[in-house]
1. Given the pairs K74/K99; K310/K353; K103/K147; K197/K283, which span a C-alpha to C-alpha distance of over 20 angstrom in this model?
2. Net charge within 14 Å of A40 by Cβ-Cβ distance, Lys/Arg positive one each and Asp/Glu negative one each, not counting A40 itself?
3. In what sequence, largest accessible area first, do H125, H251 appear using a 1.4 Å probe?
4. With the contact rule set at Cα under 8 Å and sequence spacing of 6 or more, what percent relative contact order holds for the chain?
5. Excluding H300 itself, calculate the net charge of residues whose Cβ lies under 12 Å from the Cβ of H300, where each Lys or Arg counts +1 and each Asp or Glu counts -1.
6. Need one number for the chain: average projected area of the convex hull over its C-alpha atoms, nm².
7. Rounded to the nearest 500, what is the chain's calculated 222 nm mean residue ellipticity when only DSSP H runs of at least 4 contribute -39500 (n - 2.57) each, over all residues?
8. In whole angstrom, note down how far apart the Cα centers of the range 219-278 and the range 76-132 are.
Amino acid sequence: MIVAGEASGEMYGAQIATAIGALAPRTRFFGMGGNCMREAGVETLVDANVMAVMGLVEVVAHLPTIVRGFTTLKRKLLTDPPDLLILIDYPDFNLRLAKIAKKAGIKVLYFISPQVWAWRSHRVHGIGRVVDMMAVLFPFEVPFYQKAGVPVTFVGHPLLDLVKPTMKRDEALASLGLDPQRRCVGLFPGSRRSEIKKLLPIILESARILKERMPDLQFVLPRATSLQDEDLAPYLSGCGMEVKVVAGRNHDVMSGCDAVIAASGTVVMELALVGVPHVIIYKMSTLTYEVGKRVINVPHIGISNIVAEKRMVQELIQHEAEPVPIADEVDALLNRPGYAAQMREDFAAMRVKLGNGGALGRVARLALEMIR
């Protein structure tokens, strides 16, 4: 059983299923995921697209849906137990599922560690009681788990293999129906509907300000696989600008961008690996923010900044995530060449810390070792 709760996790789940299938062709897969996992042959008992919410208030609002999904997977674990449960990220949901599996005698492989090193570090002991192996993305996570006596393996970051743009800037823009002679700003509002609701209006207003300052700008928005065009349409129809929406070609979109406004998440690591200057933004409910700022123990929220151990990329969070400051930062990225060049140098240095690739293949081999 493979359980992933959002767009990036289910993309990894699909790759892991494919890699396991290549090594053990008769393997059967089921669990929770989206289109990518279904295309990889995973029977999705629960659709991850309806489960992807973040924040205390947002989770409460979607609680009936989340409980139904959990109940479905719990029932399957107990009535048709798999040889192995692979959990990908989505910690509050997945650690509860791990507890059920452990009691039922099912081995648990957890991929993409909960950020216990950032907040609620006491959870590491509970994780050790329900997880048979933790497969981590970053070298600094290994000693953290070892100190707590939790079995851990550093597999590296899968994005090193998955982030492979196939086009240079001008070629990418031309293929997207955009003008290579004009500068292009990418608008990346996130993969959850709750993020679209909170962030897309702010991003579009930032784009409008930029367009007033630099009339030659063009804008492109890559739609996440977890979203539909109708999720974006109400915001785009009244924004007063032309925004090119592209589905399924995130890395080509990144290659064509001179700068990007990005919601905090996996995408900021992808942008860093592609080498695109960007600004990180995020807003959440007031309650979630007030609780979070009291318990989070890291100086950055962007994972690329955390790995680099420095503020490579500006983060505009909560009350700072407003159109004018966002537009000012993108303006600087576009019009101060030295600023953007330094950011690209920092991205290259950060990449070295992530290993040599092959992460998902290592997870697949680890999974089969645990079954055997």
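The values are calculated or read from the model by the stated rules, or taken from the named source; none is laboratory data. These numbers come from a predicted model, not from an experiment. Here Cβ is always computed from backbone atoms with ideal geometry, including for glycine, and neighbour counts include all displayed protein chains. Ligands, DNA and RNA are excluded from the accessible area calculation, which covers all protein heavy atoms including side chains. Shrake-Rupley method; radii C 1.70, N 1.55, O 1.52, S 1.80 Å.
1. Violating the 20 Å limit, Cα to Cα: K103/K147.
2. -1
3. On the way: H125 105, H251 35 Å².
Final ranking, largest accessible area leading: H125, H251.
4. Normalised by residue count, the contact order of the chain is 18 percent.
5. Details: positive: K310, R311; negative: E309, E315.
It works out to a net charge of 0.
6. Here the figure is 17.7 nm², rounded to one decimal.
7. -15000 deg cm²/dmol, from helical runs alone.
8. Using only Cα atoms, the two centres lie 32 Å from each other.
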